[in-house]
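What follows is one structure encoded as structure tokens, with my remarks underneath.
The values are calculated or read from the model by the stated rules, or taken from the named source; none is laboratory data. Just so you know, these numbers come straight off a predicted model, no measurement behind them. Every residue, glycine among them, receives a Cβ derived from its backbone with ideal geometry; neighbour counts consider all protein chains shown.
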Amino acid sequence: MIHILHGEDNYSSYNRLQLILKEHSALEKIILNNKNSLEEIIMAIYAQSLSGKNKIIICENLISAKKIKSEDLNLLPQDNKIIFWEKNKLSTKLLNQFIKIAVIEEFKPRQILYYFLDSLFSNTNNTFNYLSKIPQIGFNLTWQLSQRLLLLIFAKNELDMKFASAYIDRNIALWQWQKIIMQAKKTDLVILNKMLKSSLKIDYLIKTGKTQQDEKTLISMFLLKYLPL
């Protein structure tokens, strides 16, 4: 069985990946990425496991890096499973070669989340309005907020798009980076650094169970502290 998980909603695709891994927890897990050579990839797929177990192989960004083709999988052992986890949307051309042999799932970005992130430092009323429409569960909101603040800090420090993409391990389109640069101009570096530090603290409090407040309440308090009213 071959799964392809792709799209810009990395949080949802990662959760789907974890669900598949949980369903096949008895299998030996192997992780590959685009730093592995084709020889290493083929060996991992076809070589018999030293433990004698069947394998589940997680391949990160191998299709987009063009490290593997559908014909490389023609003789895949029936009891082994492969999950291609792609952190960006794959083109139709790339997907077409796998369409007959794989289960393909696309994870599209949730627009309301990006409306919220894009509204920061522009219109505080809109920011709170968008925040109110984001569901409590399934958006990993604090992480998304921290990622946006980090990109704004990069832009404010005049770091380039290539550096930012490499740091967050995700492709950034030119138009997206231009939008980040324009957004960064609406605030200052001191505020951005304070906000990033606070957002990471919120993430820590939530993950360690050291707060009784829900995520959206904490973020609302956070925004009231830093955004102009």
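A few points about this structure:
- Which numbered condition Asn88 fails, given (1) touching an Asp or Glu at 6+ places or on another chain (Cβ under 8 Å); (2) in a helix (DSSP H, G or I): (2)
Yes/no per residue for (1) among the charged types (D, E, K, R); (2) assigned by TED's automatic domain parsing to the domain that holds Gly7; (3) out of contact with any strand residue (DSSP E or B) (no Cβ under 9 Å at 6 or more places or on another chain):
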position	(1), (2), (3)
Leu73	no, yes, no
Pro77	no, yes, no
Glu86	yes, yes, no
Lys93	yes, yes, yes
Asn96	no, yes, yes
Ile101	no, yes, no
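- Filtering the stretch 1-51 to residues that are within 20 Å of Leu95 (Cβ to Cβ) and among the small types (Gly, Ala, Ser) leaves Gly7, Ser12, Ser13.
- Index of the failed condition, Ser146 passing every other in (1) assigned to a loop (DSSP other than H, G, I, E, B); (2) crowded, with 17+ Cβ neighbours inside 10 Å: (1)
- The residue that is surrounded by the fewest Cβ atoms within 10 Å (Cβ to Cβ), among those in the stretch 22-37 that are assigned to a loop (DSSP other than H, G, I, E, B) and out of contact with any Lys or Arg (no Cβ under 9 Å at 6 or more places or on another chain), is Ser25.
- Only one entry of Ile56, Ile83 meets the criterion of being surrounded by 11 or more Cβ atoms within 10 Å (Cβ to Cβ) and without any contact (Cβ under 8 Å) to a residue 40 or more places away in the chain, and that entry is Ile56.
- Exactly one residue out of Asn36, Asn61 is more than 24 Å from Glu106 (Cα to Cα) and modelled with pLDDT of 90 or more: that is Asn36.
- Residue match in the stretch 125-136 (condition: within 19 Å of the chain's Cα centre (by Cα) and surrounded by fewer than 16 Cβ atoms within 10 Å (Cβ to Cβ)): yes
- Residue, surrounded by the most Cβ atoms within 10 Å (Cβ to Cβ), within the stretch 166-204, restricted to residues that are small (Gly, Ala, Ser) and either touching a residue at least 60 places away in the same chain (Cβ under 8 Å) or more than 19 Å from Leu141 (Cα to Cα) (or both): Ala184
- From the list Lys207, Lys156, Lys162, the lone residue that is among the charged types (D, E, K, R) and surrounded by 12 or more Cβ atoms within 10 Å (Cβ to Cβ) is Lys156.
- Within the stretch 174-229, the set of residues being among the small types (Gly, Ala, Ser) and either under 12 Å from Ser146 (Cβ atoms) or in contact with a Pro (Cβ under 6 Å, 6 or more places away or on another chain) (or both) comprises Ser198, Ser199.
- Boolean, Ile45 is assigned to a helix (DSSP H, G or I), in contact with a helix residue (DSSP H, G or I) (Cβ under 9 Å, 6 or more places away or on another chain) and either at pLDDT below 90 or over 16 Å from Ile104 (Cα atoms) (or both): yes
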